1. Loop only per DSSP, at most 11 neighbouring Cβ atoms within 10 Å: give me the chymotrypsin sites (Phe, Trp or Tyr not before Pro) in segment 93-129, ordered by residue number.
2. Starting from the Cα gyration tensor of segment 56-354, take the square roots of the eigenvalues, sort them a ≥ b ≥ c, and report rounded, prolate or oblate (rounded when a/c is under 1.5, otherwise prolate if a/b is larger than b/c, else oblate).
3. For segment 56-354, what is the relative contact order in percent, using Cα pairs closer than 8 Å and at least 6 residues apart in sequence?
4. Taking neighbour counts of Cβ atoms within 10 Å as a proxy for exposure, in what order, fewest first, do THR272, THR208 appear?
5. Which of PHE251, PHE175 has the fewest other C-beta atoms within 10 Å, and how do the rest follow up to the most?
6. Non-local amide H neighbours of VAL210 (under 5 Å, H modeled in plane, Pro and chain starts lacking H): which ones?
7. Please give the length that would be gained between SER368 and ARG319 if that part of the chain were fully extended, namely 0.36 nm times their separation in residues minus their C-alpha to C-alpha distance (nm, one decimal).
8. Can you put THR310, THR358 in order of Cβ neighbours within 10 angstrom, beginning with the fewest?
Amino acid sequence: MVQTRSFTAAAAPITLTSSDSHPESSKRRKVASADESEPATKKPAQKKRKKTKDEPLTEDFPVRVSSPWKIGAHVSAAGGVENAVRNAAMVGANAFALFVKSQRKWDSPPLSVGNVDAFKRRMREFGYSPKHVLPHGSYLVNLGNPDEEKRQKPFNCFLDDLQRCEQLGLELYNFHPGSTVGQATKEESIAFIAECINNAHKATKYITIVIENMAGSGNVIGSQFSELKGIIDHVEDKTRVGVCLDTCHAFAAGYDISTKNGWDAILSAFDTEVGPSYLKGLHLNDSKAALGSKKDRHENIGLGHIGISTFRHVVSDPRMQDIPLILETPTFEAIDIWTKEISALNCLSNLVDDVPETELSLVNEITSLVRSHATNKTGKASKTRARKRDATEDQDHDSDCT
């Protein structure tokens with residue numbers, strides 16, 4: 001276990017909607033459109049491409065590591081779903097997750113033809129495969145609610161997400177299964193969740209619905225593999241259902257993955273209780289909370305109770321190849337944290353033997369970045385609070401004078 005800091009700020013998505021946000025944007029060439037006619041000159045005209053908002057130049061982004069382990073992050077889709085592709089490329093990701101609409105609202109405007117076309121074009125431009133993209137469902141959705149009327153609204157939101165994924169040509173969709181809300185047995189809620197999946201399958205064409213394991217707090221379903229299996233058992237088309245394992249959630253639920261033996265044991269249990277063919281993705285998160293705490297508290301890689309050694313076992317495990325491995329760790333709105341974590345995980349996937357010096361070095365680099373950005377964010381927040389306080393005091397003073 002490695003504990004090197006006590007910051008507890010929650011994860012914030014990267015918001016990069018312009019290629020000019022890239023650190024090396026000042027070095028970029030000024031280019032003209034390839035299909036513009038060039039005036040005749042004595043010197044041969046150079047072939048140039050025009051960089052537009054809808055057509056990013058892949059050479060402007062970091063070179064991504066070629067690896068069978070598809071490591072990435074849950075990036076922002078602010079300004080349009082197509083921006084998620086660029087944001088993933090910006091941090092050197094070989095996979096990514098996104099929200100296909102606002103996760104804070106029940107209803108969102110439909111995807112425009114322009115959004116869909118730009119997303120698909122950028123997927124081709126940057127060389128991302130749909131099978132390495134793991135969209136995340138809304139946190140508002142609870143398909144386990146025993147109240148049919150209260151379950152219908154979440155289902156409509158859920159189905160809308162799935163249909164958006166198919167519009168974008170994506171193959172997977174990850175969601176939190178739900179809760180009994182203390183008004184049903186877990187077995188009853190499990191049946192409701194499966195019923196919603198069956199109905200969603202009938203209203204969609206091919207999307208695979210991926211159930212995420214949970215930390216186990218309160219009445220939440222999915223902290224035990226037996227509960228995930230229970231949902232799958234009730235699903236009619238088992239070729240279109242799967243599981244995403246979250247390392248933080250598993251640890252919080254009581255599965256000790258902090259050692260190589262522990263990691264192998266959890267996969268063995270998953271294979272026995274659920275089945276290896278159902279594993280469709282992984283969320284790579286360290287844990288702020290202790291083993292079995294039932295608390296869903298994500299921490300940066302190597303800085304929590306799980307420790308960096310476990311993640312070396314994860315990203316060098318052949319069973320984790322060719323599925324999306326997604327970071328949901330705190331970023332403090334800083335692009336370089338996920339860039340460093342992805343780089344560190346790619347480095348760990350290539351280690352053959354135990355190299356504690358390398359692990360310690362990577363943890364120190366991540367720690368340094370996180371501390372720096374956490375301090376900056378805290379400082380900015382303090383200044384903002386001070387400005388608001390001063391403004392309030394000025395208003396009170398003016399009122400008194402009046």
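We did not get these values from a lab; they are worked out from the coordinates using the rules stated. From a predicted model like this one, the values you see are computed outputs, not experimental measurements. Neighbour counts are summed over all protein chains in view; Cβ atoms, including those assigned to glycine, are modelled from backbone coordinates with ideal geometry.
1. On the way: sites: PHE96, PHE99, TRP106, PHE119, PHE126, TYR128; in loops: PHE99, TRP106, TYR128.
Sparse-neighbourhood loop chymotrypsin sites (Phe, Trp or Tyr not before Pro): none present.
2. Details: a/c = 1.70, a/b = 1.09, b/c = 1.56.
Since a/c reaches 1.5 but b/c is at least a/b, the shape of segment 56-354 is classed as oblate.
3. Working: 629 pairs, mean separation 53.9, N = 299.
Reported relative contact order: 18 percent.
4. On the way: THR272 11, THR208 21.
Ordered by Cβ neighbours within 10 Å, fewest first: THR272, THR208.
5. Numbers: PHE251 27, PHE175 24.
Lowest count first: PHE175, PHE251.
6. TYR173, ASN174, PHE175, GLY242
7. Working: separation 49, 0.36 × 49 = 17.64 nm, distance 3.16 nm.
Full extension of this stretch gives 14.5 nm more.
8. Values: THR310 23, THR358 16.
Fewest-to-most ranking of THR310, THR358: THR358, THR310.
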